[in-house]
Every structure is written in structure tokens, then in C-alpha cells.
Amino acid sequence: MKKQVKFLLKKAKIFTIFVITLTMLFQISCNKYEITIHGIIDTIENCSLPYIVNFYPDAEYEGSDVEFIWDFGDGESTHERTPVHLYEKTGNYHVTLTIKNEDTQESKSIMLDLSDESIPIISSWDFEVFGNEIFWAPSRFKFLNKSQHATYIFWDFGNGDLTSTNNPEYEFTEPGDYIVSMSAVCNGDTATDSEVFSILPPPDEIYINNVTVSLPNSFLGSNIFCAVWYDGHMEEESGLAHSVSSFPITFDIDEDLFWFDGTYDYSNLEFEIWTSMDNQHPAKIFSVEARDLQSDYYPNLLSFDDGYGFLLDAEIDYKN
């Protein structure tokens, strides 16, 4: 009987060791860092020799010791993650990317066709607008070159002004329709992309929608309202917020400035914050000159912060 018990205990011990070993092997297998290469992204900067090609790995990989190996198919290689390579001759190149980590490696290849016929010029561009997205005069834009394979580009802003700057900024000061075009050039071939920009006259009305204010906590519990002035004239007072318990608070103003006549000069647009803690003087006055609204390209949000806990945001619109 004792021998049988010892045999069973020994057998159970062996089985336990076997289970622990399998568990460790399973954990090691689960912790293995995997690599997946979906593809190779290449962008060719120009359409003639020497070809400048940017390579990017479209891949997923893990691990602390990841190695990239690029074989460009012309006898050159690199370990950079996103290399730029110069090809001195036309032809077909077998490009291979290999990614390694401490556990495994994966490779992916593409065939790169570099010839005048295989690389067309593509003229493409976009823009960003400064300030208001309604194109009141003056309107300022940043133009973004997205052309491909060009060795030279130039912009025509439709009014006689030209530039070869890659991503120029330009301001239209007068109302009108302007045909903006970007031409991409390579080897005497040109591709052009154009768009019409309609610049409107300066808006002659300013409309105050609402005003949001924050004050130091010492003003909690007081009554608060906001008054809007233009050129020294009262325009509108908000309703009264009673016994304010938290900040910020928002007041609906809904005022088309009566005293604004469409002239963007030194006249001040003012926002006065009044509280029941002082009925003789406003707790804070924020102001901006009308000419600054125009030079900032008619912003829809005015934000003020004096650095001492007084903040004000005013939402405004412009009309003609």
C-alpha cells in the first residue's frame, strides 16, 4: 500500500512539472513580438533623373530592438526607418524591406518602375484661410503644394502676382474673383490646377451673439451682468445673473452694433463686466479696436485673459 501511494505521489509530481513547463512555454509563445508588413509606400519627388524617392514602411511591429533593412535594388541599402534614396539611372528596381526584432523578422518587396513614361506630373494643391472662412476683403491664405514629380512649380494669383515659393502665403486686399492656379513643371511638361476665389467686400455689420465670462472666486455669490459698448456708445446690456455659484457663465447678447458704420478704424468695441460688489465701476473692461478685427481677418471668437482670473469670450458674426 505504501509503495502504491509513493508511486501515485511521484506520478502527480511529474504531471505537475509537465503542466508548469507547458504553461511557461505557452507564456513565452504569447509574449513573442510579432511583425506584420502590409506594404511599402513610395513617393517620387521628380519626373527626371536623378530620381528622388521617399520610402515609408506600412507595418505593425513590436519590441524594443527593432531593425529596418532596406535593399533599394541598385546595390545600395540602409537601416533608416523612412529613407530617401537617389536613383541615378532609369529602370525597374526590386525594393525589399526587412524588419527584425528579438523574436522574428518579416520581409516585403515591390517593383519600382522609374522612367519618363511611368512618372506623370500631377498638379495638386490645397489652402488654409486665416481668420473667418467667409472670404471678406482682406482675406489671407496659406497655399499648400501637393504636386507630385515636379522639379519646379509656380503660382499665379489671378491678379498679375506670381511666385515660385513652395507653400506661399498671400493676401487679397480687394474684392473680386481671382483664378488661382499652380503649375507643376518637369522636363518641359506642365500640369496646371486652378480654382476661383471670390473675395467679398468688407462686412459693414458686426453682430454680437453671446459673451462668456470667468471671474476670480472672490466674485462667487455676487450678481453679474455684461454691457457692450462701441465708440463710446452703449449698445446692449445682458440679463442679470443672480448669486453666481460657479464660473464660467454665458450671457446672450444678440446685438447688431448700432453705432458701427462699416468703418474699421480706431473705435473700440468694449465689453464691461459689472458685479454687485461695486455698483460704481465695472469689475473689468476688455476692448479691441475695429481695425484690429479687420487685420485679424474678422475672427468669430474674441478671447481675452488678463492673467489674474478675468476671462471673456465673445462670439461675433459679420454681415453685409
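For first residues located in the stretch 228-252 and under 13 Å from Ile273 (Cβ atoms), partners that are exposed (fewer than 14 other Cβ atoms within 10 Å of the Cβ) and among the hydrophobic types (A, V, I, L, M, F, W, C) and lie 6+ apart or on another chain with Cβ distances below 7 Å form the pairs Val244/Leu220. State whether the residues of the stretch 48-60 include one that is surrounded by 10 or more Cβ atoms within 10 Å (Cβ to Cβ), outside any loop (DSSP other than H, G, I, E, B) and at pLDDT below 50. No, the stretch 48-60 has no match at all. Screening Phe135 with (1) exposed (fewer than 14 other Cβ atoms within 10 Å of the Cβ); (2) more than 18 Å from Ile52 (Cβ to Cβ); (3) outside the structural domain of Phe72 (by TED's automatic domain parsing) gives one miss only, at (1). Here is a check on your reading of the model: is Asn167 in a loop (DSSP other than H, G, I, E, B), over 30 Å from Ile273 (Cβ atoms), free of Cβ contacts under 8 Å to residues at least 24 places away in the same chain and not aliphatic (A, V, I, L, M)? For Asn167, the condition - in a loop (DSSP other than H, G, I, E, B), over 30 Å from Ile273 (Cβ atoms), free of Cβ contacts under 8 Å to residues at least 24 places away in the same chain and not aliphatic (A, V, I, L, M) - is not met. Pairs linking a residue in the stretch 78-99 that is within 12 Å of Pro57 (Cβ to Cβ) to a residue that is surrounded by 14 or more Cβ atoms within 10 Å (Cβ to Cβ) and among the basic types (Lys, Arg), with Cβ atoms under 6 Å and 6 or more positions apart or on different chains, are Leu97/Lys108. Taken over the stretch 254-268, residues that are over 17 Å from Pro202 (Cα atoms) and in contact (Cβ under 8 Å) with a residue 60 or more places away in the chain amount to 0.
The values are calculated or read from the model by the stated rules, or taken from the named source; none is laboratory data. Not measured: the values here are computed from a predicted model. Quick reminder, even Gly has a Cβ in these numbers, built from the backbone with ideal geometry, and neighbours come from all protein chains shown.
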